[in-house]
Amino acid sequence: MTRLSVNINKIATLRNSRGGNNPNLIQVAKDCERFGAQGITVHPRPDERHIRYNDVFELKKVVTTEFNIEGNCQEQKFIDLVLANKPEQVTLVPDALGQITSNHGWDTIKNQQYLKDMIAVFKNTGIRVSIFVDPVVEMVEAAATTGTDRIELYTEAYAHQYLNDKEAAIAPYIKAAETAQKAGLGINAGHDLDLNNLKYFADNIPALAEVSIGHALITDALYYGLENTIQMYLRQLV
């Protein structure tokens, strides 16, 4: 079964908008696990506009499932944060400074040596590494030579095309996943996956290990409640 990691960035955004500690990010993380989530994901950015760097240290103390820290390894502050906390997984994302949300994967050909060097930094401390990639066979093939343990397929294109033609939307992801599987890479996925498109994606992607979902899940929780929403997402992954 594909594991569900809940990205709690949006909880931090809500907290930060008013100051104080409501909602309590740490309690929400603990509740997500209690309600069935198999991982907690955070994506701290240099301006700390949602997840604060101190949040990561506090979360490390309480997360009992898989802790996944996403971010831009071109920021030394991010590297230091990950090494200080040693999560089960780090996901390397090629964000630009000030970027609202992630919108592309690594060019694993152009950045081959850089990725090899950075992946080694984390793997040498026992942290599993995943790198964010677009569903392009050549990029997956090049990812397989960087030393990464997994790739995370960037699924925005799938989500946008799903309602118009779901078979066309999923096709490049199937090819990318098959390529990754043959190369011995683990497969994660994330971005714009929701209750409408998640099941079809999970049913058609071979060996999908994990999905990381934040924005849609937290939005749904406003209507359905957090516990019920997490269970609804888990049912899509059975």
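The values are calculated or read from the model by the stated rules, or taken from the named source; none is laboratory data. Remember, it's a predicted structure, so these values are computed and weren't measured experimentally. FYI the Cβ positions are ideal-geometry reconstructions off the backbone, even for glycines, and counts take in every protein chain you see. Note: accessible area is taken over every heavy atom of the protein model, side chains too, but ligands, DNA and RNA are not part of it. Shrake-Rupley method; radii C 1.70, N 1.55, O 1.52, S 1.80 Å.
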Problem - Relative packing of peptides 107-115, 61-69 - highest average C-beta neighbours within 10 Å first - result: 61-69, 107-115
Problem - Taking N as its residue count, the alpha carbon Rg of region 155-238 over 2.2 N^0.38 Å - result: 1.10
Problem - Karplus (6.51, -1.76, 1.60) ³J(HN,Hα), θ = phi - 60°, over region 174-189, in Hz, Gly and Pro reported as x - result: 4, 4, 5, 5, 4, 5, 5, 4, 5, 7, x, 8, x, 10, 10, 7
Practice task
Per residue of region 153-163, in order, report the coupling 6.51 cos²θ - 1.76 cosθ + 1.60 (Karplus, θ = phi - 60°) as ³J(HN,Hα) in whole Hz, putting x for Gly and Pro.
Solution key: 6, 7, 9, 4, 4, 4, 4, 5, 8, 4, 5
Handout entry: For the chain: lysine pairs under 15 Å (alpha-carbon distance), excluding those fewer than 8 apart on one chain
Key = 8
Exercise for the section: Mind putting a number on the dipole of the chain about its Cα centre? Charges go on the C-beta only, +1 for Lys and Arg and -1 for Asp and Glu, and I need it in Debye to the nearest 20. Expected result: 580
Fill in the blank from the handout: A correct Stokes-Einstein calculation for region 90-226, using the alpha-carbon Kirkwood radius, 25 °C and 0.890 mPa s, returns a whole-number D in µm² s⁻¹ of 159
Problem - Surface/4 of the Cα convex hull for region 46-139, nm² - result: 6.4
Problem - Residues of the chain: accessible area per residue with a 1.4 Å probe, Å² - result: 44
Handout entry: At 0.890 mPa s and 25 °C, Stokes diffusion of the chain via Kirkwood alpha-carbon radius, µm² per second
Key = 138
Handout entry: Relative contact order %, region 66-173, counting alpha carbon pairs below 8 Å whose residues are six or more apart
Key = 23
Problem - Heavy-atom accessible area order for H104, H50, largest first, 1.4 Å probe - result: H104, H50
